[in-house]
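The values are calculated or read from the model by the stated rules, or taken from the named source; none is laboratory data. Quick caveat, the model's predicted, so the values are computed rather than measured. As a convention, Cβ positions derive from the backbone with ideal geometry for all residues, glycine included, and neighbour counts pool all protein chains shown. Calculation scope for accessible area: heavy atoms of the full protein, side chains included, ligands and nucleic acids excluded. Shrake-Rupley method; radii C 1.70, N 1.55, O 1.52, S 1.80 Å.
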Number of protein chains: 2
Amino acid sequence: MSNMESKFIVTTLTDQVEAKIIEYIKENKLVPGDSLPNEKEFVEMFSVGRNVVREAMSRLRMLGILESRTKRGIIVKEPPLLNGFRKVLDPQLLSVPTIKELMGMRIAMEVGIAEFLFTNVTEKDIEDLEQIISRQQAIGINNLSIEDEMQFHKRIYEVAGNKFILNFYELMQPVFVFAKHNYESYFEPINKKLQESDELVTHSDLLQAIKDNDKNLYQEKIRKHLRPYWEFLYNFNNKK
Amino acid sequence: MSNMESKFIVTTLTDQVEAKIIEYIKENKLVPGDSLPNEKEFVEMFSVGRNVVREAMSRLRMLGILESRTKRGIIVKEPPLLNGFRKVLDPQLLSVPTIKELMGMRIAMEVGIAEFLFTNVTEKDIEDLEQIISRQQAIGINNLSIEDEMQFHKRIYEVAGNKFILNFYELMQPVFVFAKHNYESYFEPINKKLQESDELVTHSDLLQAIKDNDKNLYQEKIRKHLRPYWEFLYNFNNKK
DNA sequence: TTTGTTATATTTGTAGGACAAAAGGGATTT
DNA sequence: AAATCCCTTTTGTCCTACAAATATAACAAA
């Protein structure tokens, strides 16, 4: 079975059993709600110790693929998509290049959801967004508190109506908050330069594009709005 | 958010220890490369059995947050972002509404990466895309083989230059392949309707927009190109 | 017969011991 | 000083044991 019988054991038994359990689910076409064999049966099926089976199932349980209750056995679940992603998205664990890619992802998402935003937006949504903007308090040049900054964008995602994208955005927030906290001194000069060249885009500008029902303009503006983060990360990366 | 609010929310010791180990990493500001206490020390630190500590660490090892080698102990790693995501992205485990949200994500991404696509694209990239299109063989109305369909889009992502987004797309592929396989009969009528209304967009149309350096047109066209999938899922959802 | 209660057996969660394999560190030899 | 060998530590795996939960069977009551 394991043709890599060398000093470098890259796959542990747990890794293998984890894969085998997933394989079992696929082969037997189990869908959410169906029940799996219990631990003992897997132990016999794979000829491994109970610990190995338990570790493998523990992983799948964490991801939300499995759920087990004492005596009732183990059932397959529809997993929350971002369970594992959440735990990995710790700014402390990620390098700047990785954070830069995440920022690129965010820009792409916010530009892209304009497609949904403009078909879904209602008068009430626009009022909400106006309210949010009116409560914002600028600190320096286009520099809002984390909460204010988040609130507006989150509302945009909500209007767009894709829960997965919204969850995704919320998970990525800590990373951006971290970046903003740690490198705030970088943003001010970038913002200043943008302001001088008349390229600075505020939330009001974004809302105006929504009111005008000008999707292309909105996409252009959201890109520019997020540009300071992007530019900072780009510079940081090059310097390093 | 992702917690299914069942009557009995059971947090096992393993869940708690998993959280505590992450907490330990944060509190001690451990970064990739730093080493953790060994199993025994965690056992004493948290007053639990070794199995519990091992299960918790096994999870973190799977996500790529930890790496352990015999005797050298355990070190913190920069985790691959999509390790956990990959395992839950099994079309067999996901419901149609979830797949629909993923499709929305894809549309947003492909519209959004136009921002990067148009700044990065070179003459050679355009030649490549032309080559890819020339090798494609249509089956029915704008219906390509999975491989042909994938190849073009993958190349677009590559040109855009964000590895995370590319990985993300590649992970989602099986889901879309599954949808296409299972519901192929739905696509033909949708495509036919689009063709009659002159709204059908082929890869050639997309490439033309790139050649013309018309970003807004490209974004409009990529949305329409992906629309059959979207529409199918929308209909399917409503019917169900 | 049906319903309600109790007892039994099964299954997961947790603890802890044992041993093999790997690898760092130190002692020994050349 | 360099190479070699031995000891010890640490992870990976197996095993036994027991507590808690609960499905199932057995039994009692209506």
Residues within segment A:89-147 that are surrounded by 15 or more Cβ atoms within 10 Å (Cβ to Cβ) and among the small types (Gly, Ala, Ser), tallied:
4
Report yes if A:Val53 is among the β-branched types (Val, Ile, Thr), touching a Ser or Thr at 6+ places or on another chain (Cβ under 9 Å) and either open to solvent by 70 Å² or more (accessible area, probe 1.4 Å) or within 12 Å of DNA strand C (Cβ to nearest atom) (or both), otherwise no.
yes
Among the residues listed as A:Val31, A:Val43, A:Val88, the single one being facing chain B (nearest Cβ under 7 Å) and over 24 Å from B:Leu63 (Cβ atoms):
A:Val31
Please indicate, with yes or no, whether at least one residue in segment B:46-54 is within 8 Å of chain A (Cβ to nearest Cβ) and within 14 Å of DNA strand D (Cβ to nearest atom).
yes
The lone exception for A:Ser47 - which of (1) within 11 Å of DNA strand C (Cβ to nearest atom); (2) open to solvent by 30 Å² or more (accessible area, probe 1.4 Å); (3) of a type in the set (Ser, Thr, Tyr) it fails
(1)
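Which ones in segment A:70-91 are more than 16 Å from B:Leu82 (Cα to Cα) and at pLDDT 90 or above?
If the condition is that a residue be more than 16 Å from B:Leu82 (Cα to Cα) and at pLDDT 90 or above, then A:Ile74, A:Ile75, A:Val76, A:Lys77, A:Glu78 are the ones that fit.
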Being outside the structural domain of B:Asn38 (by TED's automatic domain parsing) and more than 21 Å from the chain's Cα centre (by Cα) is true for just one of B:Leu129, B:Leu94, B:Leu89, B:Leu117. Which residue is that?
B:Leu129
Tell me which residues, restricted to segment A:177-202, are open to solvent by 60 Å² or more (accessible area, probe 1.4 Å) and more than 20 Å from A:His153 (Cα to Cα).
A:Asn182, A:Ser185, A:Tyr186, A:Glu188, A:Pro189, A:Lys192, A:Lys193, A:Gln195, A:Glu196, A:Ser197, A:Asp198
Filter result for B:Leu36 (open to solvent by less than 20 Å² (accessible area, probe 1.4 Å) and at the interface with chain A (Cβ under 10 Å from one of its Cβ atoms)):
no
Select the helices (runs of 4 or more DSSP H) contained entirely in segment A:158-240, then report the ones holding at least 1 residues which are of a type in the set (Gly, Ala, Ser).
A:163-182, A:184-196, A:203-211
Find all pairs meeting these conditions: Cβ atoms under 6 angstrom apart; at least six residues apart or on different chains; first residue within segment A:68-79 and over 14 Å from A:Lys40 (Cα atoms) and more than 11 Å from DNA strand D (Cβ to nearest atom); second residue open to solvent by less than 30 Å² (accessible area, probe 1.4 Å) and assigned to a loop (DSSP other than H, G, I, E, B).
A:Val76/A:Leu30; A:Lys77/A:Gly64; A:Glu78/B:Leu93; A:Pro79/A:Gly64; A:Pro79/A:Ile65
Please work out which residue is farthest from the other protein chains (Cβ to nearest Cβ), limiting yourself to segment B:65-81 and to residues that are within 16 Å of DNA strand C (Cβ to nearest atom) and among the aliphatic types (A, V, I, L, M).
B:Ile74
Any residue that is more than 9 Å from chain B (Cβ to nearest Cβ) and without any contact (Cβ under 8 Å) to a residue 24 or more places away in the chain - is there at least one of those in segment A:101-112?
no
Looking at segment B:203-210, is at least one residue free of Cβ contacts under 8 Å to residues at least 60 places away in the same chain, surrounded by 19 or more Cβ atoms within 10 Å (Cβ to Cβ) and touching a helix residue (DSSP H, G or I) at 6+ places or on another chain (Cβ under 6 Å)?
yes
